[in-house]
Protein chains: 2
Amino acid sequence: MIIHGDLGSGNCLKVKWTADLCAHAYEWRHVDIMKGEARTAAFAAMNPAMQTPTVDFGDGKYLAQSNAIIRYLARGTRLLPDDPWTQAKIDEWLFWEQYSHEPYIARCRFQMKYLGWSADKREAWRVDLAGKALERMETALAGRVFLVGDAFTIADIALYAYTHVAHEGGFDLSARSHVQAWLARCAAELSRGKGSAP
Amino acid sequence: MIIHGDLGSGNCLKVKWTADLCAHAYEWRHVDIMKGEARTAAFAAMNPAMQTPTVDFGDGKYLAQSNAIIRYLARGTRLLPDDPWTQAKIDEWLFWEQYSHEPYIARCRFQMKYLGWSADKREAWRVDLAGKALERMETALAGRVFLVGDAFTIADIALYAYTHVAHEGGFDLSARSHVQAWLARCAAELSRGKGSAP
């Protein structure tokens, strides 16, 4: 398979980490979104939503949406246990991540890291919701090792992606000890994948 | 199971429609978010994200996030075929819906229907992205009966939820003939569920 993405993007890294941990062979093709490389006709033919990551599985089979991709790549592995209720709780985190975490934390990071904004320029409402998302994680991780059950799953991969670079969006995790400890556990798990040490 | 939700919310209706079509028995408990009924300590104990819909399956098992819920309720039915690739393409639409459709179309509808805003008061960037989401659907539905494969699935349920009330958010679907025809097909499918005629 060919993964079209950018290693600076948390959404793209989710796919790399999952592919590495599941030992899927792949070719990585860099897409520079700042140069409009996801806005070409060739890219739109693979993914009409013109977003990275997009995976080409061959035979005209393309898949977009980071969390849909990692769910597909991880099927049948320890990263996505077969039990339906466990999968439902993982899905709950995956959808929450795309609705209540990524639009705030990842967007602020994009503004500061890619657009060069100062922290002061970020929208107050977005900063507020990012803080609420981090607080929700801190509460959820109190007394827990990983987000769902007792084992590392794609729910942790999805949430780790932008939480571990939240400081690049101007967010201070120093007061969130449960999140910090969980980040370290996730990093240890991810280091098992080939060349994927975060 | 007990579904905590509001029949005026597309996200909550997804759960009702899926439960009806799959013939799951349930009790519906109305939650008035405008009165802060999802912001109580009792509600937060069920769902710390304090969002509807939230489903109580008994024995301390709670599930939030509309698309996670319908995926769980529909497992093993025609609404979520077993084939992994079909499921991946359904998931692609589910995640796209929560990231690139709901935040724009549903939010504009909320502003106009619940907050009483005029169409002019909606943010230009949000209206623009809502238009792009509807255009993406129009393109995807050209020459297709349903969003994935040839059959009605939870991908259609998820996208129908706010597309069929897009006019309440100030969006005109009259020029989007493929979307209109698909909406009619979805409505016919949904009418098979008990008491769920849209």
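Structural remarks
- Across segment B:108-124, the qualifying residues are those that are within 22 Å of A:S100 (Cα to Cα) and basic (K, R), and the one among them that is surrounded by the most Cβ atoms within 10 Å (Cβ to Cβ) is B:R109.
- Between B:A166, B:A181, B:A187, B:A155, the distinction of being touching a residue at least 12 places away in the same chain (Cβ under 8 Å), within 22 Å of B:L73 (Cα to Cα), away from chain A (no Cβ under 14 Å) and among the small types (G, A, S) belongs to B:A187 only.
- Checked across segment B:82-89, the condition of being among the small types (G, A, S), touching a helix residue (DSSP H, G or I) at 6+ places or on another chain (Cβ under 7 Å) and more than 8 Å from every other protein chain (Cβ to nearest Cβ) holds for no residue.
- Subset of segment A:1-40 that is more than 18 Å from the chain's Cα centre (by Cα) and hydroxyl-bearing (S, T, Y) - its residue that is farthest from A:A166 (Cα to Cα): A:T40
- Single unsatisfied condition, B:V127 versus (1) part of a helix (DSSP H, G or I); (2) within 14 Å of chain A (Cβ to nearest Cβ); (3) surrounded by 14 or more Cβ atoms within 10 Å (Cβ to Cβ); (4) not charged (D, E, K, R): (2)
- When segment B:90-100 is filtered for residues that are of a type in the set (A, V, I, L, M, F, W, C) and more than 7 Å from every other protein chain (Cβ to nearest Cβ), the ones remaining, listed by number, are B:I90, B:W93, B:L94.
- Boolean, B:L21 is within 10 Å of chain A (Cβ to nearest Cβ), surrounded by 23 or more Cβ atoms within 10 Å (Cβ to Cβ) and under 28 Å from B:T153 (Cβ atoms): no
- Restricting segment B:54-72 to residues that are more than 7 Å from chain A (Cβ to nearest Cβ) and in contact (Cβ under 8 Å) with a residue 24 or more places away in the chain, the residue that is farthest from B:S9 (Cα to Cα): B:G58
- Of the criteria (1) assigned to a helix (DSSP H, G or I); (2) buried (at least 24 other Cβ atoms within 10 Å of the Cβ); (3) facing chain A (nearest Cβ under 10 Å), which one B:I105 fails: (3)
- Being among the aromatic types (F, W, Y), modelled with pLDDT of 95 or more and not in a helix (DSSP H, G or I) is a property that holds for B:F152.
- B:R75 fulfils the conditions (1) facing another protein chain (nearest Cβ under 10 Å); (2) crowded, with 17+ Cβ neighbours inside 10 Å; (3) free of Cβ contacts under 8 Å to residues at least 40 places away in the same chain; (4) under 18 Å from the mean Cα position of the chain (by Cα) except for a single criterion, (2).
- Remark: A:D32 matches the filter, which requires a residue to be away from chain B (no Cβ under 12 Å), of a type in the set (D, E, K, R) and surrounded by fewer than 12 Cβ atoms within 10 Å (Cβ to Cβ).
- Some residue of segment A:45-53 being in contact with a Pro (Cβ under 8 Å, 6 or more places away or on another chain) and either surrounded by fewer than 22 Cβ atoms within 10 Å (Cβ to Cβ) or at the interface with another protein chain (Cβ under 9 Å from one of its Cβ atoms) (or both): no
The values are calculated or read from the model by the stated rules, or taken from the named source; none is laboratory data. What you see is a predicted model, and the numbers here were worked out from it, not measured in a lab. Quick reminder, even Gly has a Cβ in these numbers, built from the backbone with ideal geometry, and neighbours come from all protein chains shown.
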